[in-house]
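Asks: Below are the structure tokens for one structure; questions will follow.
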Amino acid sequence: MRALQLTGPGTMEVREVPVPEVGPNDLLVRVGAVGICHSDLYVLELPFALPNPLIMGHEVAGTVAAVGSAVGGIAEGERGLIYLCWSCGMCRECVSGNENVCRAAGRTAMPPCPGLGPDGGMAEYIRVPASSFVAIGDDLEFGAAAPLADAALTSYHAVRGAREQLYPGATAVCIGIGGLGHVAVQILKTTDAVRVIAVDVGPDKLELAAECGADLGLLAGADTAAEILELTGGRGAEAVFDFVGTDATAGLAVRAVAPNGAYRMVGLGGGAPELTAGPAGGPGWPWGATVRKSYGGTKSDLIAAVELARAGRVRVAVERFDLTEGRVAFDRLARGEIRGRAVLIP
């Protein structure tokens, strides 16, 4: 089969590799489409070589091509997504429905993920644990469905984690209207009477946010926090979702979140919010506000995101590339030129 492999620091190429063999508890999935995430870009830019060439890609949609001998309830020809947290399924967190923080993954709390350890979906076929398969039926096209496996999963999980603050009349801020951010705007608009403010450095990204239902769009700058405070009567936004995660966006979140509000860190930009234990007041961290680093989501979150997409409530904006154009797509993502999500079609 053809596979786009990471072969060295900053180096990838399409190679011919063997089709994976299926174990008794596995599925072989014929890949219909695979999304490109900033996590993939992070792996591409690692300054050291991995022990072996790696097939990246964790946003995978496709068709079951073979079923392991011990697998029941899934048949060849079924269409679905691959849940990206390959957790143990047996620990306290997993059986409680928190597969994304599986205890078997230790303090890192990041279970094995296709394309970030095990081989991923930037290929014609992928071998996956049968437990990771989520059926999507026949009404979602693979190119539009693949990003649901992370862009929608992660956004849905972050929003669900702040649901208490998203009451009618509340204000939610989405910072960064990229692959995740534009989906988060749509998920937030499924919550009745929540005002959504989109923030980005690019006017084109704010146009996308408006198409997704954002009530207001603000160009990020030195006065953005003051603008949000003015729009909220000086109190701040009840929920701030940061899909960038740099020092600048973390600082904006601290200055813009309301007392008893929720700040959800999703982007992996390495930013450090200025949280202190001093008295609240002024531009600093307000009383009662919470901060949470939100990773991935649960399998239940993915199922919910799929249902929103099937109901037409969430649509991922995608730009499609052939597998052989993978490098072009990665370079455009690195330059911030992708509108929504880049998707490779094997």
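Asks: In the stretch 158-167, how many residues are in a helix (DSSP H, G or I) and among the hydroxyl-bearing types (S, T, Y)? If you could, list the steps in order and put the result at the bottom.
Replies: To start, the set of residues in the stretch 158-167 that are in a helix (DSSP H, G or I) comprises 158-160, 163-165.
The next check asks that each one be among the hydroxyl-bearing types (S, T, Y); those that pass are none.
Within the stretch 158-167, residues that are in a helix (DSSP H, G or I) and among the hydroxyl-bearing types (S, T, Y) number 0.
Asks: Considering only the stretch 89-102, state which residues are touching a residue at least 12 places away in the same chain (Cβ under 8 Å) and either basic (K, R) or within 24 Å of S155 (Cα to Cα) (or both).
Replies: Selection gives G89, G97, N98, E99, N100, V101, C102.
Asks: Assuming P51 fulfils every condition listed in (1) over 25 Å from the mean Cα position of the chain (by Cα); (2) assigned to a loop (DSSP other than H, G, I, E, B); (3) at pLDDT 95 or above apart from one, which condition is it?
Replies: Of the numbered conditions (1) over 25 Å from the mean Cα position of the chain (by Cα); (2) assigned to a loop (DSSP other than H, G, I, E, B); (3) at pLDDT 95 or above, the odd one out for P51 is (3).
Asks: Can you give me the number of residues within the stretch 269-304 that are touching a helix residue (DSSP H, G or I) at 6+ places or on another chain (Cβ under 7 Å) and in contact (Cβ under 8 Å) with a residue 60 or more places away in the chain?
Replies: Residues flagged as touching a helix residue (DSSP H, G or I) at 6+ places or on another chain (Cβ under 7 Å) and in contact (Cβ under 8 Å) with a residue 60 or more places away in the chain within the stretch 269-304 amount to 9.
Asks: Condition first: modelled with pLDDT of 95 or more and of a type outside the set (G, A, S). Now tell me which residues in the stretch 256-290 satisfy that.
Replies: V257, P259, N260, Y263, R264, M265, V266, T290
Asks: Might you check whether a residue that is crowded, with 18+ Cβ neighbours inside 10 Å, among the aliphatic types (A, V, I, L, M) and either touching a residue at least 40 places away in the same chain (Cβ under 8 Å) or not in a helix (DSSP H, G or I) (or both) occurs anywhere in the stretch 330-338? Give the derivation first.
Replies: We begin by selecting, within the stretch 330-338, every residue crowded, with 18+ Cβ neighbours inside 10 Å; these are 330, 333, 338.
Now restrict to residues that are among the aliphatic types (A, V, I, L, M): 333, 338.
From what's left, either touching a residue at least 40 places away in the same chain (Cβ under 8 Å) or not in a helix (DSSP H, G or I) (or both): 333, 338.
The answer is yes, given that some residue of the stretch 330-338 is crowded, with 18+ Cβ neighbours inside 10 Å, among the aliphatic types (A, V, I, L, M) and either touching a residue at least 40 places away in the same chain (Cβ under 8 Å) or not in a helix (DSSP H, G or I) (or both).
Asks: Which residue pairs have Cβ atoms closer than 7 Å, lie 6 or more positions apart in sequence or on different chains, and pair a first residue in the stretch 61-88 that is free of Cβ contacts under 8 Å to residues at least 40 places away in the same chain with a second residue that is surrounded by fewer than 17 Cβ atoms within 10 Å (Cβ to Cβ) and in a loop (DSSP other than H, G, I, E, B)?
Replies: Sorted first by the residue in the stretch 61-88, then by its partner, the pairs are T63/G77.
To keep it simple, each residue is scored yes or no on (1) under 30 Å from P51 (Cβ atoms); (2) modelled with pLDDT under 95; (3) not in a loop (DSSP other than H, G, I, E, B).
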{"site": "P118", "(1), (2), (3)": "yes, no, no"}
{"site": "G121", "(1), (2), (3)": "yes, no, no"}
{"site": "V128", "(1), (2), (3)": "yes, no, yes"}
{"site": "Y156", "(1), (2), (3)": "no, no, yes"}
{"site": "G169", "(1), (2), (3)": "no, no, no"}
{"site": "I177", "(1), (2), (3)": "no, no, no"}
{"site": "V185", "(1), (2), (3)": "no, no, yes"}
{"site": "D192", "(1), (2), (3)": "no, yes, no"}
{"site": "I197", "(1), (2), (3)": "no, no, yes"}
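Asks: While we're on this one: Scan the stretch 1-36 for residues that are in a loop (DSSP other than H, G, I, E, B) and at pLDDT 95 or above and report the count.
Replies: Initially, the stretch 1-36 is screened for residues in a loop (DSSP other than H, G, I, E, B), giving 1, 9-10, 17-25.
Cutting the leftovers down to at pLDDT 95 or above gives us 1, 17-25.
Total satisfying the criteria: 10.
Asks: If I ask for residues that are in contact with a His (Cβ under 8 Å, 6 or more places away or on another chain) and surrounded by fewer than 19 Cβ atoms within 10 Å (Cβ to Cβ), which ones from the stretch 251-294 would you list?
Replies: L268
Asks: May I ask you to verify whether A198 is assigned by TED's automatic domain parsing to the domain that holds A256 and under 19 Å from the mean Cα position of the chain (by Cα)? Before the answer, list the steps.
Replies: Values: assigned by TED's automatic domain parsing to the domain that holds A256: yes; under 19 Å from the mean Cα position of the chain (by Cα): yes.
Here the answer is yes, as A198 does meet what is asked.
Asks: Also, I was wondering about something else. Consider only pairs whose beta carbons are under 7 Å apart and that are at least six residues apart or on different chains; among these, list those whose first residue lies in the stretch 154-181 and is in contact (Cβ under 8 Å) with a residue 60 or more places away in the chain and over 17 Å from A258 (Cα atoms) and whose second residue is of a type in the set (K, R) and in a strand (DSSP E or B).
Replies: Taking only residues 6 or more apart or on different chains, the pairs are A158/R264; G179/R341.
Asks: If you don't mind, there's one more thing I want to ask. Restricting to the stretch 220-242, give me the number of residues that are in contact with a strand residue (DSSP E or B) (Cβ under 6 Å, 6 or more places away or on another chain) and not in a helix (DSSP H, G or I).
Replies: Residues that pass the stated criteria total 10.
Asks: Hey, another quick one. Restricting to the stretch 13-34, give me the number of residues that are closer than 25 Å to P47 by Cα and in contact with a helix residue (DSSP H, G or I) (Cβ under 6 Å, 6 or more places away or on another chain).
Replies: Number of matching residues: 2.
Asks: Going by what's in this entry, would A105 be described as buried (at least 17 other Cβ atoms within 10 Å of the Cβ), out of contact with any helix residue (DSSP H, G or I) (no Cβ under 7 Å at 6 or more places or on another chain), hydrophobic (A, V, I, L, M, F, W, C) and over 17 Å from H157 (Cβ atoms)?
Replies: The answer is no for A105.
Asks: So which residues in the stretch 248-275 are in a strand (DSSP E or B) and not basic (K, R), if there are any at all? Spell out the reasoning first.
Replies: Kept after step one, since they are in a strand (DSSP E or B), are these residues of the stretch 248-275: 257-265.
Selection gives V257, A258, P259, N260, G261, A262, Y263, M265.
Asks: When the residues of the stretch 229-249 are filtered to those that are surrounded by fewer than 24 Cβ atoms within 10 Å (Cβ to Cβ) and hydrophobic (A, V, I, L, M, F, W, C), which remaining residue is nearest to S39 (Cα to Cα)?
Replies: Of everything passing the filter in the stretch 229-249, A248 is nearest to S39 (Cα to Cα).
The values are calculated or read from the model by the stated rules, or taken from the named source; none is laboratory data. All of these numbers come straight from a predicted model, not from anything done at the bench. Backbone-built Cβ (ideal geometry, glycine too); neighbour counts: all protein chains shown.
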